[in-house]
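Scroll down for the structure; my scribbles are underneath it.
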Amino acid sequence: MKIEKNKPTSFTDMNSSKMCYKSIFEFKKILLKFVYTLLLLICVQVQAQATKDVTYENNSIAMQLYTKCFDNLNQGAAIFEKYPTFKSTTFCSLMNCMMLLSYKEKDIQLAAEERLKEISTQLYKEGNPVCLLMGLESNLIVEEKNRNLNDDNHLVYINFADCIAPDFLNKGAEIINNQTNLLINNN
């Protein structure tokens, strides 16, 4: 009887061969999961660093006003207490309140709208009325317009998106700009 080299000679040899292939396959799966997890963690770290860099590098008057926290806001406090998620969060800046408009709950959206109007009014009373812009190269337009803050009613222009923004951000910008225009036109 002639025995071929690569073929198993008995039932146990076949089982150990299958087990070996199965072990190698399982090892490859685990290794692949590890590599994917490692890549995911690296991407998250890079994104976190990119966000951190953008947040702290821009000290322009526009960014300061966009992120300025007003602790004396009255609008919507009761609504925020109704939702446990919001108890530890303060919605006191234009940026934070615009994000509230992304929620589907109408009472949260209404509270956000009222807060945006209240913040716009406080900024106007401080002598810093704001106008939010978006679009291609809007950051360059904002930079140019903010070089002289003593023109056009002392408006401070804020870029909130470059090309495309979600509807809730556009709605927030519209609320803020309408309130600012209302205040300017009434004086």
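The values are calculated or read from the model by the stated rules, or taken from the named source; none is laboratory data. Because the structure is a prediction, the values reported are computed rather than measured. Here Cβ is always computed from backbone atoms with ideal geometry, including for glycine, and neighbour counts include all displayed protein chains. Accessible surface is based on the protein model in full, side chains and every heavy atom, while ligands, DNA and RNA are left aside. Shrake-Rupley method; radii C 1.70, N 1.55, O 1.52, S 1.80 Å.
Numerical summary
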| item | result |
| --- | --- |
| Boolean, residue 168 is hydrophobic (A, V, I, L, M, F, W, C) and in a helix (DSSP H, G or I) | yes |
| The range 114-134: number of residues that are over 17 Å from residue 61 (Cβ atoms), in contact with a helix residue (DSSP H, G or I) (Cβ under 8 Å, 6 or more places away or on another chain) and open to solvent by less than 40 Å² (accessible area, probe 1.4 Å) | 3 |
| Cβ-Cβ under 6 Å pairs, at least 6 apart or on other chains, the range 150-168 side at positive phi, far side of a type outside the set (S, T, N, Q) | 153/184 |
| Top-ranked residue of the range 69-99 - restricted to ones that are open to solvent by less than 20 Å² (accessible area, probe 1.4 Å) and small (Gly, Ala, Ser), ranked as farthest from residue 114 (Cα to Cα) | 93 |
| Those residues of the range 100-113 which are part of a loop (DSSP other than H, G, I, E, B) and surrounded by 13 or more Cβ atoms within 10 Å (Cβ to Cβ), in sequence order | 101, 102, 103 |
| Filter result for the condition that a residue is at pLDDT below 90 and farther than 26 Å from residue 186 by Cβ, over 73, 100, 140 | 140 |
| Number of the exception - residue 184 against (1) within 22 Å of residue 69 (Cα to Cα); (2) at pLDDT 90 or above; (3) open to solvent by less than 50 Å² (accessible area, probe 1.4 Å) | (1) |
| Residue match in the range 154-172 (condition: of a type in the set (S, T, N, Q) and modelled with pLDDT under 90) | no |
| Scan of the range 68-87 for residues that are under 18 Å from residue 106 (Cα atoms) and out of contact with any helix residue (DSSP H, G or I) (no Cβ under 9 Å at 6 or more places or on another chain), ordered by number | 81, 84, 85 |
| Every residue from the range 166-181 that is surrounded by fewer than 17 Cβ atoms within 10 Å (Cβ to Cβ) and of a type in the set (A, V, I, L, M, F, W, C) | 168 |
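Here is a yes/no grid of residues against (1) in a strand (DSSP E or B); (2) farther than 18 Å from residue 91 by Cα; (3) in contact with an Asp or Glu (Cβ under 9 Å, 6 or more places away or on another chain):
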site	(1), (2), (3)
117	no, no, no
120	no, no, no
128	no, yes, no
141	no, yes, no
144	no, yes, no
149	no, yes, no
160	yes, no, no
185	no, yes, no
